[in-house]
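So the structure is just underneath, and the comments pick up after that.
The values are calculated or read from the model by the stated rules, or taken from the named source; none is laboratory data. Just so we're clear, the structure is a prediction, and the values are computed from it rather than from any experiment. As a convention, Cβ positions derive from the backbone with ideal geometry for all residues, glycine included, and neighbour counts pool all protein chains shown. We work out accessible area using only protein heavy atoms, side chains counted, and drop any ligands, DNA or RNA first. Shrake-Rupley method; radii C 1.70, N 1.55, O 1.52, S 1.80 Å.
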Amino acid sequence: MGAFSKTGRVTWVMKVIEEKDHNAIVKGRCCFYRSPTTETMAWSENMDTLLNNQAGLDAFRTFLKSEFSEENVEFWLACEDFKKTESAEKMASKAKMIYSEFIEADAPKEINIDFSTRDLISKNIAEPTLKCFDEAQKLIYSLMAKDSFPRFLKSEIYKKLVNGTQVGNHKKWFPFL
């Protein structure tokens, strides 16, 4: 049984659960299943869709590593984690780690941000707040959205995932193909 949209954007298929499936949303003895092909293609909708999907994030990181720019997504993820910090003590140690890893001059994974943003963070790092990296994170997100993300969608990595998933998907759901 399945429901296929005419636009091809979202495909949900109902199937009986036989094994643990990370794409499944369980509903009693059956589940609704988002086709891997459609899921992979959905990553192209916007960068948030890609970053909020573990498989999409993994593929994007692989692409960025191939271009020697994985520090951007690593910084963005570190900031997302930092924003969830509740303890002032943990906030201070995480802020120092992010600063030494990504912000300070000659950091191992130094990100490309302007002097004024870097200087502001440097001045505020002694007493960090949950928003102390927001401006830098916005700059890096914008850089990824305008530069890395479009290149990722044109990359062989993404094309192989879409094409490879489609072949596997047809075999999975249509064994006679």
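Taken together, the criteria exclude residue 94 from residues that are of a type in the set (Lys, Arg), under 16 Å from residue 136 (Cβ atoms) and not in a helix (DSSP H, G or I).
Going by the conditions given, is residue 119 modelled with pLDDT of 85 or more, under 18 Å from residue 73 (Cα atoms) and loosely packed, with under 14 Cβ neighbours inside 10 Å? No; evaluated as a whole, the condition is false for this residue. Of all the listed residues (101, 86, 39, 74), the sole one being modelled with pLDDT under 95 and assigned to a helix (DSSP H, G or I) is 39. Any idea which of 131, 65, 109 is open to solvent by 30 Å² or more (accessible area, probe 1.4 Å) and assigned to a helix (DSSP H, G or I)? After ruling out the rest, the residue left standing is 65. Identify the residue in the stretch 140-177 that is over 16 Å from the mean Cα position of the chain (by Cα) and aliphatic (A, V, I, L, M) and, among all such residues, is modelled with the lowest pLDDT. Ranking the qualifying residues of the stretch 140-177, first place goes to 177.
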